[in-house]
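Quick one: the structure is below, and I'll ask about it shortly.
The values are calculated or read from the model by the stated rules, or taken from the named source; none is laboratory data. Treat the numbers as computed from the prediction; the structure is a model and nothing was measured. We place every Cβ from the backbone using ideal geometry, glycine too, and count neighbours over all the protein chains shown. Surface accessibility is based on the protein's heavy atoms, side chains included, excluding ligands, DNA and RNA. Shrake-Rupley method; radii C 1.70, N 1.55, O 1.52, S 1.80 Å.
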Amino acid sequence: MISAVLILNARGHVLISRAYRDDVDPRSIASAFRSQIIATKVSDRSPVKTVGSVSFMFVRYEEMFLLAVTKLNSNASLVFEFLYKLIEILKAYFDGKLTEESLRENFSLVYELLDEIVDFGYPQNCEAQVLKSIITQGGMKDVKPHELSQRLKEMTGAVSWRKDGLKYRKNEVFLDVVESVNMLMSAKGSVLSSDVSGKILMKCYLSGMPECKFGLNDKLMLAAEKRKGSGRKSYKEIDIDDTNFHQCVKLGNYEQDRTISFTPPDGEFELMRYRITDNIVPPFRLLSPIVREVSKTRLEVQVTVRSVFNNRLFGKNVVVKIPCPKNTAKCKIHVASGKAKYKAETSAMHWSIKRFPGDTEFSLSAEVELISSTLEAKKWSRPPISLEFQVPMFTASGLHVRFLKVYEKSNYQAIKWVRYVTQAGSYENRI
Amino acid sequence: MSTPAKGAPGFFSSQNKRSEINEWRLMLSNEKEGVRKDAVKKVIAAMTVGKDVQMLFSDVVKCVQTNNIELKKLVYLYIMNYAKTQPDLAILAVNTFEKDATHPNPLIRGLAVRTMGCIRVGKIVEYLADPLRRAIKDKDPYVRKTSAVAIAKLFDIDKQMAIEQGFIESLHELLTDPNPMVVANAVKALSEIAENSEQVTLDFTPDIIRTLGAALNECTEWGQVFILDALSTYNPRDEKEALEISDRVVPRLQHANSAVVLSSVKVILRMMRWVGNADEVKNLSKKMSAPLVTLLSSEPEIQYVALRNIDLIVQRRPGILAKDIKMFFCKYNDPIYVKLEKLEIMIKLASERNIDTVLLEFKEYATEVDVEFVRRSVRAIGRCAIKLERAAQKCIDVLLDLILTKVNYVVQEAIIVIKDIFRRYPNRYEKIIGTLCANLETLDEPEAKASMIWIIGEYAGNIENADELLEIFVETFHDETPQVQLQLLTATMKLFLRRPEVTQDLVKQVLKLCTDESENPDLRDRGYVYWRLLLSDPAAAKNIVLAEKPVISDDTSTLPKNILDDLINHIATLSSVYHKSPELFVSDYKKKSSTLPNRSPSPPPSQSNQDVFGTSQQQLPPPTTTTNKSTDLLGGLDELLGGITTTAPIPTSRQSHPSDDPFGLDSMMMPDSNYQQSSSSPMVKSIPKNLLLSAQKGQGLEIYGAVVNQQGSIKYSLSLSNQSQQTLTGFAVKFNQNCWGLAPTGPLNCPALYPGQTENVMLPLGRQSQANTTKKNNILQVAIKTPQFPQPVYFQDKFNMTVLFENHGKLGEQDFLNAWGSLPDELATELVPTQPGWNKEDVRGVLAGHNVFYVANHSDQTAVNYYYSAKFVFDGQEYVVVMELMFPNGSNRFNLSVKIADMTFAAVISENISSLLLQ
């Protein structure tokens, strides 16, 4: 498994390293990483590379490399999952900011974490919530033996993600359904592929060891309920292609009758992810955009965006990015609504509309002047127009939370809140 | 305390450092714990940036006497770092470790056991055993889960001790621990130990499998992966158990962690091998497809691993994602490595139903920025054309559109793939040649030029100005690469043979350029071959150069079956990412039987050769000299010479890692692979003669003999001895028809044999085209008569098949690998001894003397494997034999595995080769 974990800066200098096995030396690993992977630009073209007998696997985060090395035929997906988990843990400890500086300031804490979460290269418990109970920045001074053994039971136990004995005055649960719409449209306006990858995020402030049950308007779940005779109301049914759950969800139950039951971790976590490809309503459409190369030095652009959701709703922070060639000199842009500007660093016009009501159309027209170059320029690759947006209280898939039940020994009433938002994933329209 | 360094930064840095160290030393012995902790922190900070602080070892170790866990951990960290260089000092810490291992705080007990295992100093190991034994039985699961891992560490330091002291059994016991995390760590530790040791095996009982299944529901995501990976090596007893295990694992496909999903897929794919029920198989396949697609919404690196695995899975079960091709469309912002893999999978999933959409995608990609991606997209179009016959026209149309873009590298790539399309569908699309020729001047890459020239040569008859076109290239002949030059030579020949009247000057010019002015031996040789062919027999030249070429085939499922099997067993691991078996990149990978392709020895060919010899006597044809295979050889000449004709250089998925050697040839092929040259080795042993006919059965004639191969001519080396009372004269010999067409090509030149006399004779043998190929064996049935005998005497001889091996049987490494992969399961022998005192070189020499050629070797911890190849002709067909001789270390016995397209030969070959090595 993992022989060593290193965090390096963009130039490949070690910020922190921890060897778990004797078969590698972090110092020579770092220099091999610099010469074989950063200098050769392999880092841009593959996340895995074996040099000699050492295999490097790395991810990038904010100008840093998180690198794991192994000399065995290790499980690569596990290693990458672990590296992402490590980012998550460090962020949780550093108030969401993982930077070179925060690593340097907290090096002893990071060492302590690296010692706890991996043993001999085998990842151990990596739940930040639980780790915080035994690794604290201030040191654990007044922990009674009884309490400690309880914490350790959490570390290793069946419910490794939740501490026992939590108490809240107000028992509250917040559910956020966040859908990212991925859409690819051809230049002719036909949808090449579209899907929704959704997340259900949960914020739990619940006392004790609650047992939650959760229902969606999933076709199969409704069918299962009907079989049992418990389905009462009729809902618009949706077809979920696939779901992934947080480890707290009892997968056996789900497989059996599609019920989602779990004991949630405390605080914020991602309960589930899902993917839907059928019957998606993409909230925005580009109506036959025109990007015409009139001459070698001039481009004409005409873009109309239409919102296709209920007019009681509205889109937020809509940004339409219209790519221009690298040799763009000047853009004359006219927009009916919002603001538009050419940004040289992305070689694109950014047209942003703060509030975009449902069922309306806005247009942009522009003339782009190009610097004529004497070199015979390579043909412009015409990258796609991309969209960013958020539409609150709307799900592109039609997914809908039917119920969330909370059972606890003490029988308290939990207050539940549900929010929906649809945002753009990779939303591209070719031109 | 003062800080003296403050005033003089950098001046006396060594002094500076010394004072810093002294300052820390004082702080480390300060009575306040807070100060000590700060000091240790400073020391470790210095250690992190690479400063040498080991002189503080004893001072730091003293600080371990504390109840402050944070401080203790820091001290332990320091000890771990320096224990290796300061083993004597590390012993100072032993006391502390032992004490901490019985500390009331389980966190500290765990920490002590964990850290002790990381200190790889021999002396410490002795002290580790007792605390470890206690830790295994600790009441706190945190300590127990740590102890399981500590056993793996101990094993890594001292295998013998770990086994002798019963720690492996302890691990087995921990498998049934009530705590799921303990179980998971124990499984992982045990799996890794078993992977690296001969003495430990991972034999799960069905009970343990059930316990593991139960723990699967409760442990951490990593623990689930450990358990699943272990399950994926388990062989269920029957279909029922296989289905039970699958059912337990299926829910894991919904897990958010991609490693859990992929390892579940691995288990299910393995269990499916035991499932015969088609509905169940279909059902399980269906359950895997959506989760596999979902992996595409994870982080790019995870997507990459998933895509490499999906590539394997669709090769095994093409139906599994047939409907999901759209999910593999590239997004503009996907990293390049994700895009290239998606492309590869799109080609694999392309079908006549979806080809229109797919082509539109590829065409779109061909306009993107990344040159490699663009080229691969263009090639993808060509590969689809080759894969899907009915879509070929559509693909060609797209390629022609792309050529019109005039983007230099797009055009060149398109021409290269169009050449492949021509090779796949000859004489079907030559209408487009005009368009291609219009782009002649843009070509500047050798491969594209060579392809274009090949097309011109191949269709010289249809291209009116072919000579002019070729002349363009001839003008710059000396600047071209050998690849282009060779192609140009062949193309000119083709043109000349089709239109001799107008191209005489051109062909002369090119032949002269190649033979007189070129330094390249290949080019010169080919030039001479052509030249002489033209001089001696223009008609033959035509037959050879313009011979029909074999059609190339679809290469989208590139991995041979047994390699694919092996890789599927390794889903989610690096092996599956590289599409390479682990032994090819892990330095000391133990070859475990579970990862090997199934070696199922096929039964030896039945040898009921009690052919009634008498009846077939009339069938013995007159001995004639046969022309052997010459026509065949020449027919294939263009194949050999035409350059491009070897399978088209379509990139495969492997090329995504140009520097990665997909089959680990580096490690496998030793530099001495051209050893074959040293056949001057004195070790060339002849085949010993056997008693063929006893005097008793032979009316007093005793014959010893063997078929031998002397520099390519096959002879029967006979030793005739007259044990009778009369003189024997006028010997005549006849062979019964045999599958090889072997027959004497001359008389048996044996002088009169007086009673008691022995004579050695060589009977020349030849291969006739007529042969009775129904029985494939190595048996010769021979009749000998003399006027003195009332009737002929008969004997039969099992000759050594290696005498029929061709002297060009040496395969290149790549060809060998291809052959090994594409041939059916091998036939493996038990350990066979070699001649005492022979070393591996001797073996190599002996085999080379018998046209069994060394290709490569590969050694690992346990054995050295030598790879050999040979070729022979049977029934007008050439057969390739590939062999692996595995010598376990330190043994001069070997395992021989033989692979050949027709396995009925394998037993004979394996027996014959073994006999060569023990005489």
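Please give the length that would be gained between B:Glu31 and B:Leu691 if that part of the chain were fully extended, namely 0.36 nm times their separation in residues minus their C-alpha to C-alpha distance (nm, one decimal).
Values: separation 660, 0.36 × 660 = 237.60 nm, distance 9.57 nm.
Fully extending the segment from B:Glu31 to B:Leu691 adds 228.0 nm.
Next question. Stretched out fully, how many nm does the piece from B:Glu299 to B:Lys282 gain, at 0.36 nm a residue minus the Cα gap? It would help to have the intermediate numbers written out before the result.
Details: separation 17, 0.36 × 17 = 6.12 nm, distance 2.95 nm.
Full extension from B:Glu299 to B:Lys282 adds 3.2 nm.
With a 10 Å radius around each residue's Cβ, average the other Cβ atoms per peptide and rank B:147-153, B:209-215, highest first. Before the final figure, lay out the partial values.
Details: B:147-153: 27.0, B:209-215: 18.9.
Those peptides, ordered most packed to least, come out B:147-153, B:209-215.
Please find the FRET efficiency linking B:Glu441 to A:Ile371, where r is the Cβ-Cβ separation and R0 is fixed at 22 Å, and quote it to the nearest 0.05.
It comes out at approximately 0.15.
Other chains' Cβ within 10 Å of B:298-307 residues: what's the mean?
Values: counts 7, 7, 4, 14, 9, 2, 6, 10, 3, 0.
Rounded to a whole number, the mean comes out at 6.
Could you give the dipole magnitude of the range B:471-516 about its Cα centre, charging the beta-carbon of Lys and Arg +1 and that of Asp and Glu -1, in debye to the nearest 20? Don't skip to the end; give the middle numbers.
Working: 5 positive and 7 negative charges, 58 e Å.
I would put it at about 280 debye.
May I ask you to list the GluC sites (Glu not before Pro) in the range B:377-480 that are in a DSSP loop and have at most 16 other Cβ atoms within 10 Å of their Cβ? Could the numbers behind the result be given before it?
On the way: sites: B:Glu389, B:Glu413, B:Glu430, B:Glu441, B:Glu447, B:Glu458, B:Glu464, B:Glu468, B:Glu471, B:Glu475, B:Glu480; in loops: B:Glu464, B:Glu480.
Here the sparse-neighbourhood loop sites are B:Glu464.
Assign unit charges at the C-beta atoms only (+1 for Lys and Arg, -1 for Asp and Glu), then state the dipole size of the range B:804-917 relative to its Cα centre in Debye, rounded to the nearest 20. Show your work: numbers first, answer last.
Details: 6 positive and 14 negative charges, 60 e Å.
Approximately 280 debye in magnitude.
Among the GluC sites (Glu not before Pro) in the range B:862-911, which ones are in a DSSP loop with at most 12 other Cβ atoms within 10 Å of the Cβ? Mind listing them?
On the way: sites: B:Glu878, B:Glu884, B:Glu911; in loops: none.
Filter output for the range B:862-911: empty list.
Continuing with this model, one more query. If each residue of separation counts as 0.36 nm, what is the full-extension length gain between A:Asn327 and A:Glu361 once their alpha-carbon separation is subtracted? Show your work: numbers first, answer last.
Values: separation 34, 0.36 × 34 = 12.24 nm, distance 3.04 nm.
Length gained, A:Asn327 through A:Glu361: 9.2 nm.
Give the calculated FRET efficiency between A:Asp44 and A:Thr259 to the nearest 0.05, with a Förster radius of 45 Å applied to their Cβ-Cβ distance. Mind dumping the intermediate values first?
Working: r = 45 Å, r/R0 = 1.00.
Efficiency, from the Cβ-Cβ distance: 0.50.
For the full complex of protein chains and a 1.4 angstrom probe, list B:His255, A:His146, A:His246 by accessible area with the highest value first.
A:His146, A:His246, B:His255
Name the GluC sites (Glu not before Pro) in the range A:331-431 that are in a loop by DSSP and that have at most 11 other C-beta atoms within 10 Å, would you? Provide the component values of the computation, followed by the final result.
Working: sites: A:Glu345, A:Glu361, A:Glu367, A:Glu369, A:Glu376, A:Glu388, A:Glu408, A:Glu428; in loops: A:Glu376, A:Glu408.
Within the range A:331-431, the qualifying GluC sites (Glu not before Pro) (loop, at most 11 other Cβ atoms within 10 Å) are A:Glu376.
At a probe radius of 1.4 Å, figure out the A/B buried accessible area, summed over both chains, and give it in Å² to the nearest 100. Walk me through the numbers before you get to the answer.
Details: alone 23280 and 41510 Å², together 56720 Å².
Counting both chains, the buried surface is close to 8100 Å².
Now for a different question. Quick one: compute the contact order of chain B, relative version, from alpha carbon pairs under 8 angstrom and 6+ residues apart, as a percent.
Working: 1381 pairs, mean separation 58.2, N = 919.
Once divided by the residue count of chain B, the mean separation gives 6 percent.
Accessible area per residue, 1.4 Å probe, Å², for the range B:804-917: what's the number?
Numbers: 3710 Å² over 114 residues.
Roughly 33 Å² per residue, with all protein chains present.
Expressed as a whole percentage, what fraction of the accessible surface of the protein assembly as shown belongs to carbon and sulfur atoms when a 1.4 Å probe is rolled over the protein heavy atoms?
Numbers: 28090 of 56720 Å².
The nonpolar share, carbon plus sulfur, comes to 50 percent.
Follow-up. What does the charge add up to near A:Arg45, with Lys and Arg as +1, Asp and Glu as -1, over the other residues with Cβ less than 10 Å from its Cβ? If you can, show how the numbers build up before the last one.
Numbers: positive: A:Lys41, A:Lys49; negative: A:Asp44, B:Asp370, B:Glu372.
That works out to -1.
Based on alpha-carbon centroids, what's the gap between the range A:369-431 and the range B:860-875 in Å, whole number please?
Each part reduced to its Cα centre gives a spacing of 58 Å.
Rank by packing, highest mean first: peptides B:734-746, B:711-723, with packing defined as the count of other Cβ atoms within 10 Å averaged across residues. Spell out each step's value before the answer.
Values: B:734-746: 20.9, B:711-723: 17.5.
By packing density, highest mean first, the sequence is B:734-746, B:711-723.
A further question follows. What is the helix-to-structure angle for B:336-349, meaning the angle in degrees between its Cα long axis and the longest Cα principal axis of chain B, kept from 0 to 90 and rounded to the nearest 10?
It is inclined by approximately 50 degrees.
Next up: Treating only the Cβ atoms of Lys and Arg (+1) and Asp and Glu (-1) as charged, compute the dipole magnitude of the protein assembly as shown about its Cα centre; round to the nearest 20 debye. Before the final figure, lay out the partial values.
Working: 162 positive and 157 negative charges, 792 e Å.
Taking the Cα centre of the protein assembly as shown as origin, the dipole is about 3800 debye.
What distance in nm separates the two pseudo spin-label positions at B:Ser553 and B:Lys62, each 7 Å out from Cα along the beta-carbon direction?
About 7.8 nm, to one decimal.
OK, next. Counting partner chain Cβ atoms within 10 Å of every residue's Cβ in B:192-201, what's the average? Spell out each step's value before the answer.
Details: counts 5, 0, 0, 2, 1, 0, 0, 0, 0, 0.
The per-residue average across the peptide is 1.
Sticking with this one: Once ligands and nucleic acids are excluded and a 1.4 Å probe is used, how much of B:Asp444 is accessible, expressed in Å² to the nearest 10?
100
Something else about it: Need one value: the accessible area of B:Ser587 in square angstrom, 1.4 angstrom probe, rounded to the nearest 10.
Accessible surface of B:Ser587 is approximately 70 Å².
Right, here's the next one. Charges on Cβ only, +1 for Lys and Arg, -1 for Asp and Glu, centred on the Cα centroid of chain B; of B:Val545, B:Leu295, B:Gly876, which one is farthest towards the dipole's positive end?
About the Cα centre, the residue reaching furthest to the positive side is B:Leu295.
As I understand it, the value is the acute angle between the Cα axis of helix B:87-100 and the longest principal axis of the Cα atoms of chain B; what does it come to in degrees, rounded to 10?
Result, in degrees: 60.
Related question: Separation between the B:Glu126 and A:Asp25 pseudo-spin-labels, each 7 Å from Cα along Cα→Cβ, expressed in nm?
That separation, rounded to one decimal, is 2.9 nm.
Count, for each residue of A:56-67, the Cβ atoms from other chains sitting within 10 Å of its Cβ, then give me the mean as a whole number.
Values: counts 0, 4, 1, 4, 2, 0, 0, 0, 0, 0, 0, 0.
Whole-number average of other-chain Cβ neighbours for A:56-67 is 1.
For the range B:13-79 and the range A:24-88, compute the distance between their C-alpha centroids and round to whole Å.
Value for the Cα centre distance between the two parts: 31 Å.
Which residue, chosen from B:Gly730, B:Tyr425, B:Met801, occupies the Cα position most advanced towards the positive end of the dipole of chain B, where the dipole is computed from +1 (Lys, Arg) and -1 (Asp, Glu) charges on Cβ about the Cα centre?
Final value for the positive-end residue is B:Met801.
Hey, another quick one. Given the rule -39500 (n - 2.57) for each run of at least 4 DSSP H residues, summed and divided by the residues of chain B, what is its mean residue ellipticity at 222 nm, to the nearest 500 deg cm²/dmol? Intermediate values should be presented prior to the final figure.
On the way: 37 runs with 440 residues, N = 919.
That calculation yields -15000 deg cm²/dmol at 222 nm.
Could you check the simple spin-label distance between A:Lys170 and A:Val418, using points 7 Å along Cα→Cβ, in nm with one decimal?
Distance between label points: 2.1 nm.
Among B:Leu535, B:Val484, B:Leu513, pick out the residue whose Cα is farthest towards the positive end of the charge dipole of the range B:445-548, where Lys and Arg carry +1 and Asp and Glu carry -1 on C-beta, about the Cα centre.
B:Leu535
Between B:Arg18 and A:Glu88, what is the FRET efficiency for a Förster distance of 35 Å, r being their Cβ-Cβ separation, to the nearest 0.05? Each step should come with its number before you reach the end.
Details: r = 43 Å, r/R0 = 1.22.
It comes to 0.25.
With a cut-off of 8 Å between alpha carbons and a minimum separation of six or more residues, what is the relative contact order of the range B:366-428 in percent?
On the way: 58 pairs, mean separation 21.1, N = 63.
Result for the range B:366-428 is 34 percent.
Could you tell me the distance between the Cα centroids of the range B:744-819 and the range B:163-225, to the nearest Å?
The range B:744-819 and the range B:163-225 have Cα centres spaced 60 Å from each other.
How much net charge surrounds A:Glu100 when only other residues with a Cβ under 12 Å from its Cβ are counted (Lys, Arg +1; Asp, Glu -1)? Intermediate values should be presented prior to the final figure.
Details: positive: A:Arg11, A:Lys97, A:Arg104; negative: A:Glu62, A:Glu63, A:Glu101, A:Glu105.
Its environment carries a net charge of -1.
As a test of reading the structure, rank B:Glu583, A:Glu147 by solvent-accessible area (1.4 Å probe, protein chains only), most first. It would help to have the intermediate numbers written out before the result.
Values: B:Glu583 30, A:Glu147 75 Å².
My answer, sorted largest first, is A:Glu147, B:Glu583.
Moving to a separate point now. Mean Kyte-Doolittle of at least -0.5 and a Cα length of 24 Å or more along the axis: which whole DSSP H helices of chain A meet both?
Span-like helices, by this rule, are A:76-93.
Keeping all protein chains in position, work out how much accessible area A:Asp23 exposes to a 1.4 Å probe, and write it in Å² to the nearest 10.
60
Can you tell me, using C-alpha contacts under 8 Å and at least 6 residues apart, the relative contact order of the range B:445-548 as a whole percent? Present the calculation step by step, with values, prior to reporting the outcome.
Values: 93 pairs, mean separation 26.2, N = 104.
It comes to 25 percent, rounded to a whole number.
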